[in-house]
Amino acid sequence: QLAIQFPSEDILLVTASPVIKAVTNFKQVSKVLEEFDVEEQPKTMLENRFPNIKIIESGVKELKSKEHCIVTGDGSQHVYKKLCLCTGAKPKLICEGNPYVLGIRDTDSAQEFQKQLTKAKRIMIIGNGGIALELVYEIEGCEVIWAIKDKAIGNTFFDAGAAEFLTSKLTAEKPEGRIAHKRTRYTTEGKKKETQTTAGIGSMGSALGPDWHEGLNLKGTKEFSHKIHIETMCEVKKIFLQEEFRISKKKSSPFPRDHSNQSVTTDNEVWPVYVELTNEKIYGCDFIVSATGVTPNTEPFLCGNNFALGEDGGLKVDAYMHTSLSDVYAAGDICTASWQPSPVWQQMRLWTQARQMGWYAAKCMAAASLGESIDMDFSFELFAHVTKFFNYKVVLLGKYNAQGLGSDHELMLRCTKGQEYVKVVMQHGRMMGAVLIGETDLEETFENLILNQTDLSSYGEDLLDPNIDLEDYF
């Protein structure tokens, strides 16, 4: 975006990774909803397209905001007129430095995960967001114990009803082989830095795209499809290595048997690592996947700079993506939106928002340089996200989980098992949010109803009557 706006200015992209995440197959689904793939490309792609972009492959050691310069890993200094920080977020690990705990957030860790999985008989997944959901569905031939702190799965995205709709899919057999994606993927294989001795400790990687698990062969050692046991309302209390566990004289629980009763592991297996949960149960496993969310990756920039930070540790940005330091902007997972948001928008650390924020930040930097005024981008009017879970299309709109609406809201539901799940959040006769799972074709209509705040009180329950063609009606 900057290169297009300033074709004659030098634009530096400083990145610790040899590949660049590019948005491909972009589709504007509706006014606010967009679908795209994220693909890794060699950095030359960008430099060839825009001769004024120069890519510096290096980490950043320090930001000297008073002198308007950044210091890269090799000690060289780069002076800037305007700077935008887009360093994303890093995974919150349940514990640092344990070789049996893997955090998944980027392509390298996904590959590391795949290597471990080929020898695994049982793994434990901790966390309840998008990556945990995807993993649980994709993993085959391995016992999975999934520990979540909520009552129902996927609580970042769904309520218990939607979770129930999706969980039934876990027990059903998966449809055979999905259509192969015709896309080249570049990975950072073979260019491993010697310094990264232990996987993931302090190593930087770029975040996973929406189909990161495509093309990874997520199969364990055993020949069967899904074997999943979900432990709800619990967190990790303590992790024991094999020897510590033996000394502790505690007993581990067997994997709960299902009706078919074919067991994969014997009850007296010895595991490399054991997890004690807050509900008193203890399970042994080959390794633990920590998929417990992310924290903004601000570390190299805080020292010596007086940034205003949000409660979640992100750099606070105003409505022009500007941080509290002059000429420093931030976009994506590293930032915390601190403007008065539209009543149906909220920040979530997702690919779609990272793309919108980056695009808008470039617009703001340009406007500031040229002394022009700029309006808030339309994409911040309504929260809208489209993704796939368990092979269903999932559309989230507005306050889809009634976030911050208090108790005076109501929900309307329509559900056809195995086919679609439609939930609408209503307040004072206006639609405030929606969750659409399956091919409902309602996203555009609902987006308009939320944006226009149309009074729908006269329709009552008929709003979701499957015999009424809503799209046609509105």
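Using the average count of surrounding beta-carbon atoms within 10 Å as a protection proxy, the listed peptides 359-367, 34-42 rank, highest first, as 359-367, 34-42.
Computed with a 1.4 Å probe over protein heavy atoms only, the accessible area of V19 comes to about 20 Å². Each label was represented as a point 7 Å from its Cα along the Cα-to-Cβ direction; for Q419 and K27 these points are 2.2 nm apart. The share of accessible area on segment 384-472 that comes from carbon and sulfur is 42 percent, using a 1.4 angstrom probe. On the beta carbon distance between M233 and H78, with R0 = 35 Å, the FRET formula returns roughly 0.10.
For the full complex of protein chains and a 1.4 angstrom probe, list S17, S252, S407 by accessible area with the highest value first. Can you show the working numbers first?
On the way: S17 15, S252 40, S407 115 Å².
Descending order: S407, S252, S17.
Between the alpha-carbon centres of segment 350-375 and segment 297-326 there is a gap of 17 Å.
Just the protein heavy atoms count here, and of the accessible area of segment 6-118 at 1.4 Å, carbon and sulfur take up 53 percent. On full extension, the segment bounded by C69 and E410 gains 117.6 nm, given 0.36 nm per residue less the C-alpha separation.
With each label modelled as a point 7 angstrom along the Cα→C-beta vector, the E243-M45 pair spans 4.7 nm.
Per residue, segment 241-376 exposes an accessible area of 48 Å² to a 1.4 Å probe, with every protein chain left in place. Summed over the residues of segment 384-472 and divided among them, the accessible surface reaches 46 Å² per residue at a probe radius of 1.4 Å. Residues whose amide H lies under 5 Å from that of Y329, counting only those 5 or more places away or on a different chain, are L83, C84, L85, T323; hydrogens are built 1.01 Å from N in the peptide plane.
The values are calculated or read from the model by the stated rules, or taken from the named source; none is laboratory data. Quick caveat, the model's predicted, so the values are computed rather than measured. As a convention, Cβ positions derive from the backbone with ideal geometry for all residues, glycine included, and neighbour counts pool all protein chains shown. The area values use the complete protein model at the heavy-atom level, side chains included, leaving out ligands, DNA and RNA. Shrake-Rupley method; radii C 1.70, N 1.55, O 1.52, S 1.80 Å.
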